[in-house]
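First the structure, in the form of structure tokens, and then the observations on it.
The numbers here are math on the coordinates, done by the rules we state, and not lab data. Not measured: the values here are computed from a predicted model. Ideal geometry is used to build each Cβ from the backbone, glycine not excepted, and the neighbour counts take in all protein chains shown.
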Amino acid sequence: MTDPLYVQTLDLACGAFLLTGVLVLWRRDLAAIIWLFALQGVALGALIAVRGLHEADVELTVLGLGVGLLRAVLLPYLMRRALAAGEEGREARPHVSVAASLLVTAVLTMIAYAVSQPLVRLAPTPATQAVPIALTVLLVGFFVLVTRRRALSQVVGFLLMDNAITAAAFLTTTGVPLVVELGVSLDVLLAVLALQVLTTRMRAAFGGTDLDELRELHD
């Protein structure tokens, strides 16, 4: 892969990675949020595979395809099953409105770019220059985690953070070893399976997965 094509493809993958993370805050429909997470999985897999193709690293390219399949196919499938089992279809009352969330996202983006500049200056390559995007998605994922009320929305926030950490690892280095990435991916898969079982039991016992309402029952 030539350098100009590498830069253009990497920028496209990183742009899609950031855009899907921001759009999660814009949408309240859980089916749409899951669909956006799947698209971000495609962008993450493409990001890794592009680096592998540019560096002629077969293992890194195959790893990108594997990460893409896990994040874009398997995890969204499990979340759709949880949604089809009776999860409320909309995030009706988030703690922060959509308009305010987008304003916060703009602030988080500026913070991410300011914080990551020293790291970018250490090794100014096309990959490291995209590190602020990964940090932005990390902050957005944390924001989703703390401001959404539905359990499934919070799961998506957690997974956005995991995607961002994975992206940062592959942007700042030549990647993590295959065994390590497989182990982390298995942990994430098991966590989603456990959360699916937990939300099903919560819905059966309490009639919903609004965590604020469950806290009121505890009080």
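Measure off 7 Å from each Cα along the Cα-to-Cβ vector at THR125 and ILE165, then give the distance between these two points in nanometres to one decimal.
Taking the two extended label points, one gets 2.3 nm.
From the C-alpha coordinates alone, can you work out the Kirkwood hydrodynamic radius of region 72-175, in Å?
15.0
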